[in-house]
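The values are calculated or read from the model by the stated rules, or taken from the named source; none is laboratory data. Since the model is a prediction, treat every value here as computed from it, not as a measurement. Cβ atoms come from the backbone with ideal geometry, glycine included; neighbour counts cover every protein chain shown. To get the accessible areas, we keep the full protein, side chains included, count just its heavy atoms, and leave off ligands, DNA and RNA. Shrake-Rupley method; radii C 1.70, N 1.55, O 1.52, S 1.80 Å.
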Amino acid sequence: MIKKRIERTTSRTAEMTCVSRAASSLESNDHYHSNDCIAVKLLPIFVRVLIHIPLFRRLFIRILAPTGVYEYVIARTKYVDAAFEKALAERFDQILLFGAGFDTRALRFHSEVQHTRIFELDAPLTQRAKIQQYRKRNLSIQSNVVFIAIDFDKEPLPHKLDMAEFKRDRRSLFILEGLLMYLDPKSVQSTFHTIREYAGMGSRVVFDYIQASVIRHENTLYGESGLAKTVSKAGEQWRFGIEPDEIASFAGAYGLEVSDHKCAQELEATYFQDEHGRLVGRINGTHCIVTAVRR
């Protein structure tokens, strides 16, 4: 059996997300600026040097990043940052990041993390690369951060969580950022069944997804064609999508109630609209973001 790319090397999409976050942290425009200053430190030295050059950042956005994806990553980062900070402020017991990639929130919000355990799930090679970068850059990992290596399509998630001492029925935040679209439908189903099994009442789940029409190659959404080609070239195929008007029933099947649902236009209005109501950036139309609550 041919191994998936992510089983052979680090996730290319995780690497590109890290570069996008690093570039965004250096932006002077408030709409484009986000606060992941640690992402810059995780980059290879030559990329770290280049990304401080405004011209290189513009070339990256125009040439390497598919249409509207840079804007989407910025919006998603801000959205999830807010959810993460809110959970910490409310002293949630646990935060579980699925497919964490090069996520740096456990470090960026370290002063607020003291009362909450952070669990990071990811493919072994990608997670190992991240930990190695932390050590190379002398970035300290707090004792309440737990790393769990997993292949979501092959290994039982409940066993992994139990081994890591993730507690059942605690108020928890579950973050599935840039993950669901890469899983097969059965893995998505088993992942959400596990969330339902472990989540205490009042827990929140934040996830993004691609619209089902993208899986059908309808090519009706802004920037869809270019992004689909980029993902395919990265060897990390999209395998799962949801119809936006079916998101409430999807969440409801797992005991969740949708409290917020933003597709591209809502994200643009929230993060890329100036004081005069004009858009300063457009977001790739393929993705939507959801917050759901365990009732």
Proximal charge balance of Val145 [Cβ under 9 Å; K/R count +1, D/E count -1]
0
What accessible area, in Å² to the nearest ten, does a 1.4 Å probe give for Met163?
140
In Å, what is the Rg of the alpha-carbon atoms in segment 136-182, and how long is Dmax?
13.3, 37
222 nm mean residue ellipticity, helices alone, for the chain (DSSP H n ≥ 4; -39,500 (n - 2.57); rounded to 500)
-11500 deg cm²/dmol
Residue-ordered couplings for segment 210-219, obtained by feeding phi - 60° into the Karplus form 6.51 cos²θ - 1.76 cosθ + 1.60 and rounding to whole Hz (Gly and Pro as x), are 9, 5, 4, 4, 5, 5, 7, 6, 6, 6
What whole-number value in Å² describes the accessible area per residue of segment 122-212 for a 1.4 Å probe?
44
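With N set to the number of residues, divide the alpha-carbon radius of gyration of the chain by 2.2 N^0.38 Å and report two decimals.
Details: Rg = 18.2 Å, N = 295, 2.2 N^0.38 = 19.1 Å.
For the chain, the normalised Cα radius of gyration is 0.95.
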Taking a ≥ b ≥ c as the square roots of the eigenvalues of the Cα gyration tensor, with a/c under 1.5 meaning rounded and otherwise prolate when a/b exceeds b/c and oblate if not, segment 96-149 is oblate
How many lysine pairs in the chain, separated by 8 or more positions in sequence or lying on different chains, have Cα atoms less than 23 Å apart?
26
